[in-house]
Amino acid sequence: MNETVVVDVILTIGEFSKMTYLSVKALRHYHDVGLLAPVDIDSATGYRRYASNQVGTAQAIRRFRDLDMPIDDVRRVLEAPDLAARNGVIVEHLERMRQQLERTQVSVASLQALLEDAPHDTTEIELRRIPATAALVTTRLVEFDVCGEWVERALNDLHVLLDAAGLAAAGPDGALYSEALFEAGAGDVTAFVPVIRGGSGAVAGVVDLAATTVAVLVHDGPVSDLDQAYGALGTAVAQRGIGSLGPIREHYLDETFTEVCWPVELKSG
């Protein structure tokens with residue numbers, strides 16, 4: 001029986017480009033970042049040459065990049081010591097893609113709702129006096145773009161502290177967002193969990209949140225649409241001329257409902 005002998009062939013960068021569907025520019029870039037080096041570079045002309053056995057690797061790189069896999073992760077795949085390690089990197093990226101798809105779907109639904117012009121019902125705005133509240137708190141200077149992620153982590157940490165002390169929350173979780181956060185793009189954010197007065201002495205970080213008067217609007221929907229509640233509530237407060245300085249307060253009633261509390265100053269008479 002005759003056996004087919006596979007002969008490795010040296011290719012010009014142009015030939016290699018055609019075989020891999022990667023542009024010459026892309027091949028040069030992948031060489032520059034150490035992802036796919038040619039087998040030979042002419043010392044006189046600088047021309048790159050590739051081996052035919054690199055075609056499969058180049059095609060794999062193109063597919064990974066088509067899936068928006070970062071260069072460093074592609075390198076991790078190519079340099080993986082075994083199949084499990086390689087597949088682990090791929091699975092990590094597929095999970096990031098799944099999460100991105102979910103965020104995109106939420107954004108599309110949010111935009112569709114916005115185009116349908118279904119604003120919050122401002123007749124449901126409530127004026128409320130919130131008394132001083134004992135709460136376990138943590139405060140940090142946070143950038144606007146990551147404040148939601150920080151609040152989620154901070155609240156989880158606060159509940160770990162409460163559980164360790166054998167205490168229960170006395171109300172819904174919440175957060176205070178300073179004016180600087182909105183105006184300067186970074187500012188103090190306070191995550192808090194209300195606790196029962198007198199029963200929290202063993203827990204460090206318990207303070208009394210100051211009493212405040214607020215206009216309240218309940219948002220029913222994803223966090224990505226929370227700006228609509230802010231817009232409706234802020235407009236109503238401005239129209240009534242009762243806005244006041246102070247942090248915006250949010251109460252997280254459950255996974256769907258969020259109370260947005262806008263500081264106000266009620267005029268006497």
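The values are calculated or read from the model by the stated rules, or taken from the named source; none is laboratory data. All values derive from a computational prediction rather than experimental measurement. A quick note on method: Cβ atoms are made from the backbone with ideal geometry, for glycine too, and the neighbour counts reach across all protein chains shown.
Checking each residue of segment 45-53 against the condition of being in a helix (DSSP H, G or I) and out of contact with any helix residue (DSSP H, G or I) (no Cβ under 6 Å at 6 or more places or on another chain) gives at least one match.
Of the residues making up segment 68-110, those that are among the basic types (Lys, Arg) and over 26 Å from residue 58 (Cβ atoms) number 2. Restricting the search to strands (runs of 3 or more DSSP E) fully inside segment 202-267 and requiring at least 3 residues that are free of Cβ contacts under 8 Å to residues at least 60 places away in the same chain gives 257-263.
Residues checked against (1) at pLDDT 90 or above; (2) of a type in the set (D, E, K, R):
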residue: 225; (1), (2): no, yes
residue: 235; (1), (2): yes, no
residue: 242; (1), (2): yes, no
residue: 245; (1), (2): yes, no
residue: 250; (1), (2): yes, yes
residue: 257; (1), (2): yes, no
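Residue 139 falls short on exactly one of the conditions (1) in a strand (DSSP E or B); (2) at pLDDT below 90; (3) among the hydroxyl-bearing types (Ser, Thr, Tyr), and that condition is (2).
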